[in-house]
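For reference, the structure is listed below as structure tokens.
The values are calculated or read from the model by the stated rules, or taken from the named source; none is laboratory data. Note that the coordinates shown come from a computational prediction; the quantities given were computed from them, not determined experimentally. Reconstructed Cβ throughout: ideal geometry from the backbone, glycine too, with neighbour counts over all protein chains shown.
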Amino acid sequence: MQGNRPAALPAIMASVVLAAGCTGTPAAHPRDAGTQAASATTESRAAANDLRRSIAKLALSMVGVPYRYGGADPSEGFDCSGLVYYTYSSEGLSVPRTSRAQLGAALEIPLAQAAAGDLLFFEDEVKLSHVGIYLGDRRFVHAPKSGGTVSVASIDAPYYQRHLVAVGRLIR
């Protein structure tokens, strides 16, 4: 029996190596890596677009809610940045409360790339003064001023054309 031990050892080692090779995950073929990354990117873009559209839809449902300075709740009213804060927070996102901080948190993009749920920032003659949520088709929803209500406006209105200073994307 002793004499067979050395001959059996290589056979046992070969079996262990083969078995270990079978338990591993096969390596992805290099040509598939780009396809997998593109698929993940496409899926994440689609998810981001869906989330932005959901935010725009929620903001649109707030049309008619009264303006209230400092307001961030439909039962009490909204100011412009409070409407942004409420709609994004309702979707589970952490967003700054003020329009200046919202602009600081956003990735600035050209108006031509704006999608539903992106933010439009406006400036009066002195400072950043207003933010709205883009709906698409050059329209946006916002809480405009004291005495008013949440409403839809067009970027093509002369006032908004003159005062638009940035378009921002919080969901990438």
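Among the conditions (1) over 23 Å from the mean Cα position of the chain (by Cα); (2) at pLDDT 95 or above, Leu83 misses just one, which is (1). Within region 116-142, the set of residues being among the small types (Gly, Ala, Ser) and outside any strand (DSSP E or B) comprises Ala116, Gly117. One residue alone among Ala143, Ala116 is within 19 Å of Gly70 (Cβ to Cβ) and in contact with a strand residue (DSSP E or B) (Cβ under 7 Å, 6 or more places away or on another chain), and that residue is Ala143. Restricting region 150-172 to residues that are assigned to a strand (DSSP E or B) and touching a residue at least 60 places away in the same chain (Cβ under 8 Å), the residue that is nearest to Ala48 (Cα to Cα) is Arg169. Screening Tyr85 with (1) touching a strand residue (DSSP E or B) at 6+ places or on another chain (Cβ under 6 Å); (2) farther than 13 Å from Arg169 by Cα; (3) touching a residue at least 40 places away in the same chain (Cβ under 8 Å); (4) assigned to a helix (DSSP H, G or I) gives one miss only, at (3). Of the residues making up region 100-149, those that are more than 17 Å from Ser89 (Cα to Cα), under 18 Å from the mean Cα position of the chain (by Cα) and either buried (at least 16 other Cβ atoms within 10 Å of the Cβ) or in contact (Cβ under 8 Å) with a residue 60 or more places away in the chain (or both) number 10.
Considering (1) part of a loop (DSSP other than H, G, I, E, B); (2) under 17 Å from Ala56 (Cα atoms), the lone condition that Lys145 does not fulfil carries the number (2). Screening Val95 on (1) β-branched (Val, Ile, Thr); (2) in contact (Cβ under 8 Å) with a residue 24 or more places away in the chain; (3) more than 15 Å from Arg172 (Cα to Cα) shows it passes everything except condition (3). Summed over region 96-115, the residues that are outside any loop (DSSP other than H, G, I, E, B), more than 13 Å from Ile133 (Cα to Cα) and of a type in the set (Ser, Thr, Tyr) give a count of 0.
Filtered by the rule that a residue be of a type in the set (S, T, N, Q) and more than 22 Å from Asp137 (Cβ to Cβ), region 65-115 gives Ser75, Ser81, Ser89, Ser90, Ser94, Thr98, Ser99, Gln102.
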